[in-house]
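Working notes, structure below.
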Amino acid sequence: MDERVEYWLDLADYDLVSANVMLKGGRFLYVGFMCHQAIEKALKAVISRDCAEGEVPPKIHDLGKLADRSKLFDKMTDEQKTFIEYLNPLNIEARYPEYKKYLLEMLTHEKCKSILVETEELLCWIKEQL
């Protein structure tokens with residue numbers, strides 16, 4: 001496997017482990033953020049596979065745009081597309097205090113556990129596409 005692809009996949013796996021640690025520690029605000037990061041980096045692994053030598057994936061965080069750029073969006077199920085739409089704002093909103101109260105009410109232990117399961121499934125699927 002290309003070392004650029006391995007780089008992004010290693011980061012995706014690291015972020016998924018971090019999401020699990022956050023869940024176990026009750027740090028729910030960052031579970032969704034880390035899950036977003038894992039999927040973002042997995043999509044960048046696919047993009048980097050198809051990039052010319054020296055080219056890097058775009059410095060964007062929008063999962064829909066990255067899925068489209070990776071040419072995986074059209075292969076995704078409706079459920080996968082809905083899930084990346086759900087994850088997308090968790091990347092931004094987790095960083096800003098005005099969203100903290102809303103997110104803390106929404107991101108219960110059970111909800112975060114569900115997000116993690118869906119992230120693991122999507123991450124596996126993306127890896128299978130490589």
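The values are calculated or read from the model by the stated rules, or taken from the named source; none is laboratory data. Predicted, not measured: the structure shown is a model, and the values here were computed from it. We place every Cβ from the backbone using ideal geometry, glycine too, and count neighbours over all the protein chains shown. Surface areas here come from the heavy atoms of the whole protein model, side chains and all, with no ligands, DNA or RNA. Shrake-Rupley method; radii C 1.70, N 1.55, O 1.52, S 1.80 Å.
Odds and ends about this structure:
- Of all residues in the range 28-60, those being open to solvent by 20 Å² or more (accessible area, probe 1.4 Å) and modelled with pLDDT of 95 or more number 3.
- Those residues of the range 10-27 which are surrounded by 18 or more Cβ atoms within 10 Å (Cβ to Cβ) and within 11 Å of the chain's Cα centre (by Cα), in sequence order: 12, 15, 16, 19
- Looking only at residues of the range 87-110 that are in a helix (DSSP H, G or I) and open to solvent by less than 70 Å² (accessible area, probe 1.4 Å), we find that the one that is modelled with the lowest pLDDT is 93.
- For the range 1-55, a residue qualifies if it is more than 18 Å from residue 66 (Cα to Cα), in a helix (DSSP H, G or I) and small (Gly, Ala, Ser), and the qualifying residues are 18, 19.
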